[in-house]
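Working notes, beginning with the structure itself.
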Amino acid sequence: MNNHSQLKHESLSKKIKVLGLGGSGCNTISRLSALDFEGVELIAANTDFHSLSTCRADKVGRLGTSTTNGHGAGGDLSTGKTAAEENYKDLIECIQGSDLLFLTTGMGGGTGSGAIEIAARIAASLDILTISIVTLPFSFEAEKRKIIAYEATINLQPFTNTLVTIPNDRLVNLAAPNTPIKTALGMADDVLIKGIQGITGILNNHGVLNIDFSHISKLMRNGGGVYISIGYGQGNERIISAIQNALIHPLLEKTPIHQAQGIIIKLTGDLKINEIDLAIEYLKEKVGENTEIIPVVEQTKPGDDQVMVSILLTGIGATPLLYQDNYKHKPTKLIEQDCVSVNNKENLVYSKSLDNYEDTLEVPAFLRKGYNSNKTY
């Protein structure tokens, strides 16, 4: 590898990290490893050391060395949190250096549900942009898992820039009746995959219109949540089809694009100038007049009929925050009227400054006062 290529690779590798926590998170990391994302570091952390040893990750972190002795958290939320607190230095080592961090786990277990909050607190202390993508238990699962998922989701939200929750019951509706459970659970990874592909496509653009990460970061920090996805289109209406495909995902609620404060759209293909104009005009019709729309264009070889759209929306709330409002006392299937959605703003718990939680943080002092990355422990 020549010096130029090496510097480019090292620069890209520090941009985005994906941290999977607990058994479900580690399984996601293993599945993502087969996709070979350029410049994305895949990290797994777990209290079950045997399971961790089989995870295909770029880096692994052992949690609860003394708390669980490598045998898992036993489905206990407090144990998972304590295990992460015990090895917070390892989590710092895994997280620091990233410009954008994806956190993922399956809510309802002990390790993932407890550790993801601690990881998010650390990322907030390091001032790292963080998107958390979590799954919620099936309606047929034990009531204890539902209670843990509810509590863990509420605890996580104030410390992540965006929280995306995916009820596993939606997998049942999308999968064929004879689909193996492992395959069905893997479908939830598609939200994370499209998010990673979308943001890496925008960041690693080498086209005629580009945007730097500082601009992206500014838009993402303006408040509210972030939605990132990709879509494809062909034929006469290929640009519009690609945008529509990017904005619709069967596992997520309808994307509230009208709330967007900023939009970055990357168009990739053999593009004509009128198609770029058409894409911008289409988005302008969907959003408010004050929404900033930034086009990014990468031209491919002539003759390509397919176009790809990578889209990033900012300021749209925690999309989609969906959990049963009375989860603790109502062991029923998730139904629309029992849920809190992104449009019910009065019921949402929005992200707050860490200073608001200084008296209640039961974690090391660096999370309350900020962490100096130059400091050694």
Worksheet item: Quick one: Karplus J couplings for the range 44-50, per residue in order, coefficients 6.51, -1.76, 1.60, θ = phi - 60°, nearest Hz, x for Gly and Pro?
Response: 10, 9, 7, 8, 8, 5, 5
Worksheet entry | For the range 167-255: Kirkwood Rh in Å [reciprocal of mean 1/r, alpha carbons] | 15.3 Å
Discussion item. Just to check, using Stokes-Einstein with a Kirkwood Rh over alpha carbon pairs, what's the diffusion coefficient of the range 102-254 at 10 °C and 1.306 mPa s in µm²/s?
Written reply: 93 µm²/s
Worksheet entry | Inter-probe distance in nm under a simple model that places probes 7 Å from Cα toward Cβ, at E38 and A142 | 4.6 nm
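Computed over the Cα atoms of the range 37-80, what is the ratio Rg over Rh, Rh following Kirkwood?
My calculation of the ratio gives 1.06.
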Worksheet, complete the sentence: Per 5 angstrom bin, beginning at 0 and ending with the bin that holds the maximum distance, the Cα pairs of the range 49-175 fall in percents of 2, 11, 20, 22, 21, 15, 6, 2, 0
Worksheet, complete the sentence: Any trypsin sites (Lys or Arg not before Pro) in the range 222-289 that lie in a DSSP loop and have at most 14 other Cβ atoms within 10 Å would be K254, K272
Response to the item:
Surrounding charge for K266, neighbours by C-beta under 14 angstrom, Lys/Arg +1, Asp/Glu -1, total -2
Worksheet, complete the sentence: Residue span T300 to H71: 0.36 nm per residue of separation minus Cα-Cα distance leaves a gain in nm of 77.4 nm
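Any read-out appearing in this document is the output of simple, stated calculations on the displayed coordinates, not a laboratory observation. Here the structure is a predicted model, which means the values were calculated and not measured. FYI the Cβ positions are ideal-geometry reconstructions off the backbone, even for glycines, and counts take in every protein chain you see.
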